[in-house]
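**Q** Input: one structure, supplied below.
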Amino acid sequence: DEWPPVLTVYTEPDSSYNAWYDDNQKEKQQRIPLPQRNVHKQDLKRHRFPKLTFHHSSSSNSINNDNNICNKVPTLLPIDEFGITYSDPYLPWIHDIFLSNDGGNVQIIAQNRRCCHKGKAHKVTMEYWEGQLALFQPVAVKRVQGSGSSSSAIGSDGLSNSHQKQLYRLSTHEEADKDALETRFICRFKTIQHTTQSIQYEGETLSTYNYNYEFINWRKGKKTMVEMGKEFAYFWLSPLAFNCPLPLHLRMDQQRQQQPSLLLDIIPIRTPVRHNDRDGFFFHSGHGGPMTFNATKMWGSSHILPRIEDSGRWENLPVCNIKRQQHLSQLEEEEGKSGAVVDNKVVVQTTVDTAKTACTWTSAIHQRRGNERRISDGKARLREWIAFNLAVGFDHIYIFDNTGANATIFRLKGEVDPDFGTDQQDNKINDDLSSVTDLFPSSK
């Protein structure tokens, strides 16, 4: 690895996917079982972003100081350049990255680049970006040993500790490693060793989702995740959130407040997007729902993923430390003031009482843009939304009720809905969202 480390993106050539598809078909159709792609590191295109260069400096005012970088990571990520100066349909369009409060996961927030295009004029572009939807669809994998590695490459915690020796195979849920039932990214961790000006490999983990996007899409009654023509109705497939679990020894370092500067590489596991209406749904038994995707048929039983160095990826993403409250007084005593930076760690004052508040703007009934569809289950949706947010720990909830405005619109159009409760005779609104909010404690 070069010194000093710089945020780098490696993109794969479009031709690397040709092996997947049958050239004799008029429409793109996957070969079965899925062939392995013939891609090598010399085929990758390298893009460096010097704004995220990790220089070690004792001065907190240095523009390249690690701590300054931690304060403004989202503004330094190449968000605007994605899809313009560098383009790869299977790389996540990352907007933010941060360590979870318990120090166990790196949380990544991305967006679906395909949502930026819609309509018949962008048919080719939307087909190109279908890989973005694949990132919302979990795969199952099993670790296998690469050439020259030994069984000690996988520790007792199921994490890989062998640099460049670990390989992965697409698998069924039954064959998959226990931490690889629903994954999509290989997460490779490294530490910055400033004294020796080197990068130390720390291990690999497999990504997790906060929830299964494919299952949610099915629960919403959608036949497939690949919306053709519009690509704006499935708004729940716009933001992509996933986690990279830290190797256990790095979590222990975090608890002792001795964690050095961390870097993360994110390597997407590339497979053709599942058109669920054609290819089926890939749910494990814990979810329920239809299990209609045949992984053995579609992927084969020996599909080994390319090595990391031969794969398109994000490299040297910064992972900034989060200070825990129980260590605050000790660090403040060392530094002499709160809100400071101590030993390369960002100290956040958390002694002030806080309350978690949620808010929403909604209505008992409304119509979508263009009067395409009338939505009349607003009260049922709100009841579920309030119950969920109270259950996960929100202290207060504010509801902005837009029912009156929508009632006026319907009344002017002469479209009174009998389930809505608008009285056409005395021009009054007999229903609003209070029948829902009154079901919950007023203190909330």
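The values are calculated or read from the model by the stated rules, or taken from the named source; none is laboratory data. What you are looking at is a predicted structure, and each value in this text was computed from that prediction instead of being measured. All Cβ positions, even for glycine, are placed from backbone atoms using ideal geometry, and neighbour counts span all protein chains on display. Protein only, heavy atoms only, side chains kept; ligands, DNA and RNA dropped before computing areas. Shrake-Rupley method; radii C 1.70, N 1.55, O 1.52, S 1.80 Å.
**Q** Within the range 100-144, can you find the residues that are in a strand (DSSP E or B) and surrounded by fewer than 19 Cβ atoms within 10 Å (Cβ to Cβ)?
**A** GLN107, ILE109, GLN111, LYS142, VAL144
**Q** For residues that are open to solvent by 70 Å² or more (accessible area, probe 1.4 Å) and in contact with a helix residue (DSSP H, G or I) (Cβ under 7 Å, 6 or more places away or on another chain), tally how many sit in the range 1-32.
**A** Residues flagged as open to solvent by 70 Å² or more (accessible area, probe 1.4 Å) and in contact with a helix residue (DSSP H, G or I) (Cβ under 7 Å, 6 or more places away or on another chain) within the range 1-32 amount to 2.
**Q** While we're here: So which pairs qualify, if the first residue must be in the range 244-261 and over 11 Å from GLY104 (Cα atoms), the second must be modelled with pLDDT of 50 or more and surrounded by fewer than 16 Cβ atoms within 10 Å (Cβ to Cβ), the Cβ gap must be under 8 Å, and the two must be at least 6 apart or on different chains?
**A** PRO260/GLN193
**Q** Please go through the range 63-98 and pick out each residue that is of a type in the set (A, V, I, L, M, F, W, C), part of a loop (DSSP other than H, G, I, E, B) and at pLDDT below 90.
**A** ILE63 - this is the single residue of the range 63-98 that is of a type in the set (A, V, I, L, M, F, W, C), part of a loop (DSSP other than H, G, I, E, B) and at pLDDT below 90.
Per-residue answers, yes or no, for (1) of a type in the set (S, T, N, Q); (2) on the phi < 0 side of the Ramachandran plot; (3) in contact with a helix residue (DSSP H, G or I) (Cβ under 7 Å, 6 or more places away or on another chain):
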position	(1), (2), (3)
ASP179	no, yes, no
PHE185	no, yes, no
GLN193	yes, yes, no
MET225	no, yes, yes
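**Q** Checking the conditions here, which among VAL352, VAL348, VAL416 is assigned to a loop (DSSP other than H, G, I, E, B), modelled with pLDDT under 55 and surrounded by 13 or more Cβ atoms within 10 Å (Cβ to Cβ)?
**A** After applying the criteria, what remains is VAL416.
**Q** Which of (1) in contact with a strand residue (DSSP E or B) (Cβ under 8 Å, 6 or more places away or on another chain); (2) modelled with pLDDT under 95; (3) within 23 Å of CYS187 (Cα to Cα) is the odd one out, the single condition ARG48 does not satisfy?
**A** (2)
**Q** Answer yes or no as to whether GLY203 is modelled with pLDDT under 90 and on the phi > 0 side of the Ramachandran plot.
**A** No: the conditions fail for GLY203.
**Q** Inspect all residues belonging to the range 175-184 and state whether any of them is outside any loop (DSSP other than H, G, I, E, B) and either touching a residue at least 60 places away in the same chain (Cβ under 8 Å) or crowded, with 21+ Cβ neighbours inside 10 Å (or both).
**A** Yes, the range 175-184 contains at least one residue that is outside any loop (DSSP other than H, G, I, E, B) and either touching a residue at least 60 places away in the same chain (Cβ under 8 Å) or crowded, with 21+ Cβ neighbours inside 10 Å (or both).
**Q** So, of the residues in the range 258-284 that are more than 23 Å from the chain's Cα centre (by Cα) and in a loop (DSSP other than H, G, I, E, B), which turns out to be surrounded by the fewest Cβ atoms within 10 Å (Cβ to Cβ)?
**A** By that ranking, first place goes to GLN258.
**Q** Count, please, the residues in the range 1-31 that happen to be free of Cβ contacts under 8 Å to residues at least 24 places away in the same chain and assigned to a loop (DSSP other than H, G, I, E, B).
**A** Selection size over the range 1-31: 9.
**Q** Does the range 185-213 hold any residues that are open to solvent by less than 10 Å² (accessible area, probe 1.4 Å) and in contact with an Asp or Glu (Cβ under 7 Å, 6 or more places away or on another chain), and which are they?
**A** Passing the criteria: ILE186, CYS187, PHE189, LYS190, THR191, LEU206, ASN212.
**Q** Something else: If you check every pair at least six apart or on different chains, which have Cβ atoms under 9 Å apart with a residue in the range 36-59 that is under 19 Å from TRP314 (Cβ atoms) first and a residue that is open to solvent by 30 Å² or more (accessible area, probe 1.4 Å) and modelled with pLDDT under 90 second?
**A** THR53/ASN64; PHE54/ASN64; PHE54/HIS194
**Q** Sticking with this structure for a sec: Just to check your reading of the model, which residue among GLU204, GLU214, GLU227 is among the charged types (D, E, K, R) and more than 20 Å from CYS115 (Cβ to Cβ)?
**A** Going through GLU204, GLU214, GLU227 in turn, the sole match is GLU204.
**Q** Which of the residues that make up the range 363-379 are at pLDDT 75 or above, in a helix (DSSP H, G or I) and over 15 Å from ASP438 (Cβ atoms)?
**A** If the condition is that a residue be at pLDDT 75 or above, in a helix (DSSP H, G or I) and over 15 Å from ASP438 (Cβ atoms), then GLY378 is the only one that fits.
**Q** Within the range 328-335, identify whether any single residue is of a type outside the set (D, E, K, R) and at pLDDT 95 or above, and answer yes or no.
**A** No, every residue in the range 328-335 fails to be of a type outside the set (D, E, K, R) and at pLDDT 95 or above.
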